[in-house]
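Visitor: One structure, as structure tokens, below. Some questions next.
The values are calculated or read from the model by the stated rules, or taken from the named source; none is laboratory data. Keep in mind it's a predicted model, so treat the numbers as computed, not measured. Please note: Cβ atoms are built from the backbone with ideal geometry, for glycine as well, and neighbour counts cover all protein chains shown. Ligands, DNA and RNA are excluded from the accessible area calculation, which covers all protein heavy atoms including side chains. Shrake-Rupley method; radii C 1.70, N 1.55, O 1.52, S 1.80 Å.
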Amino acid sequence: MTNKLALHTRTAAAWFFALLLFFPIFWLALMAFKTEGQAIATPPLLFFEPTLQSFQEVMARDHYAGYAFNSLITSVLSTVLGLAIAIPAAYSMAFFPTGGTVGLLKFILSSRYMPGVGALMPIYVCFQYAGLLDTRVGMTLMFMLMNLPIMIWLLYTSLRELPRDILEAARMDGATVFHEFRYIVLPLSVGGIASTALVCMVWAWNESFWSLNLGASNAGTLAWLIASYSSPEGLFWAKLSAASLMAIAPIMALGWFCQKQLVQGMTFGAVK
């Protein structure tokens, strides 16, 4: 009886916290299907006639597709470019460490947690002189630099778990460093690479600080579009909720769809 009571208690607590975390998304979806008048009604309306007016206005008047395209391009390209740098860097640190490897890893990680506002002014000036302000190239570069330290750390941790016996056997068979990396390390670390790519792409998609300060109407992402609904006239809650819901829906669907594939990829690589 004690074990059953503990199990039911843990289950109830898990459901409670899950519903608590889901409530903001539920309320956001509820607001998105209201009119502006219904959205600011007091007390809040729980029962109303749903409307797609806010979605239509966001799609038609505010050029949602353009901002969504900017978010997609910058998040995907920044992730691909970051992986192209992070994978060789993590490989060299994991399998060919030197006396300064640990210190370098700590420095890389510490740079990720530096407040963005502290680096805003020099980065803004550099982007201004380079002509990268409000450009997709500039946003892609910034997102890549932002996620690169985490990419290196995650991949380094993943590569350190690879069995060294397989690599030593390949070297004894005459495999070069390139062949070892191409035919052994990469296939065994597909799960870790996919996990890192997904996490960093989500962070790039959700990034708002650099998007608001380095972008505008030309290269602004969905975060810039959502922030534009805050004006001197007030907040347009219905359109703000509709734009936010359309911004988080693709990345939530991607995360849900990739759960099974990520787990299978990591276990397959470990078994293989």
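Visitor: Compare 113, 91 by solvent-accessible area with a 1.4 Å probe and give them largest first, with all protein chains kept in place.
Guide: Sorted descending by solvent-accessible area, the residues read 113, 91.
Visitor: What fraction, in whole percent, of alpha-carbon pairs in the range 165-226 exceed 14 Å separation?
Guide: More than 14 Å apart: 67 percent of the Cα pairs in the range 165-226.
Visitor: Compute, for residue 8, the solvent-accessible surface of its heavy atoms (probe 1.4 Å) with the complete set of protein chains present, and express it in square angstrom to the nearest 10.
Guide: Taking all protein chains as shown, residue 8 has close to 120 Å².
Visitor: Next question, about the same structure. List the GluC sites (Glu not before Pro) in the range 150-235 that DSSP assigns to loop (not H, G, I, E or B) and whose Cβ has at most 11 other Cβ atoms within 10 Å. Which are they?
Guide: 233
Visitor: Rounded to whole Å and sorted largest first, list the principal axis extents of the Cα atoms in the range 24-97.
Guide: 63, 27, 14
Visitor: Please calculate the 1.4 Å probe accessible area of residue 85, with all protein chains present, and give it to the nearest 10 Å².
Guide: Surface open to solvent at residue 85 totals about 80 Å².
Visitor: For residue 8 and residue 56 in one chain, what is 0.36 nm times their gap in residues minus the Cα-Cα distance, to one decimal in nm?
Guide: Extra length from residue 8 to residue 56 when fully extended: 12.8 nm.
Visitor: What are the semi-axes of the equivalent ellipsoid of the range 1-158, taken as the square roots of 5 times the eigenvalues of the Cα gyration tensor, listed largest first and rounded to whole Å?
Guide: 40, 31, 14
Visitor: Apply 1/(1 + (r/R0)^6) to the Cβ-Cβ distance of residue 125 and residue 165, taking R0 = 45 Å, and write down the FRET efficiency to the nearest 0.05.
Guide: So the FRET efficiency works out to roughly 0.30.
Visitor: With labels modelled as points extended 7 Å from the Cα through the Cβ direction, what inter-label distance (nm, one decimal) is found for residue 109 paired with residue 216?
Guide: 4.0 nm
Visitor: Say we join alpha carbon atoms closer than 10 Å with springs in a Gaussian network model of the chain; which of 120, 214, 154 then has the biggest fluctuation?
Guide: Sorting by GNM fluctuation, first place goes to 120.
Visitor: What distance in nm lies between label points placed 7 Å from Cα along the C-beta direction at residue 23 and residue 190?
Guide: Result for the modelled spin labels: 4.3 nm.
Visitor: Same structure, new question: Order 178, 26, most accessible first, counting only protein heavy atoms with a 1.4 angstrom probe.
Guide: 178, 26
Visitor: Picking from 138, 116, 100, which is most flexible by a Gaussian network model of the chain using Cα springs under 10 Å?
Guide: 100
Visitor: Okay, moving on. Expressed as an acute angle from 0 to 90° and rounded to the nearest 10, what is the orientation of the C-alpha long axis of helix 237-271 relative to the principal long axis of the chain?
Guide: Its long axis makes an angle of about 20 degrees.
Visitor: Let me ask you something else. Whenever you get a sec, compute what percent of the accessible area on the range 123-225 sits on carbon and sulfur atoms (1.4 Å probe).
Guide: Heavy-atom surface of the range 123-225 belonging to carbon and sulfur, 1.4 Å probe: 63 percent.
Visitor: Residue 173 accessible area, nearest 10 Å², 1.4 Å probe?
Guide: Number for this one is 140 Å².
Visitor: Okay, next question. Modelled label-to-label distance, residue 176 and residue 80, 7 Å Cα→beta-carbon offset: nm?
Guide: Rounded to a tenth, the inter-label distance reads 2.6 nm.
Visitor: Of 143, 47, 257, which has the largest mean-square fluctuation in a 10 Å C-alpha GNM of the chain?
Guide: Comparing 143, 47, 257 in the GNM, the peak value goes to 47.
Visitor: Mind listing the Cα extents of the chain along all three principal axes, in Å, largest one first?
Guide: 73, 70, 30
Visitor: Give me the log10 of I(q) over I(0) for the range 51-139 at q = 0.18, 0.24 Å⁻¹, as the Debye formula computes it from C-alpha points; what are the numbers?
Guide: The computed values of log10 I(q)/I(0) come out as -1.04, -1.18.
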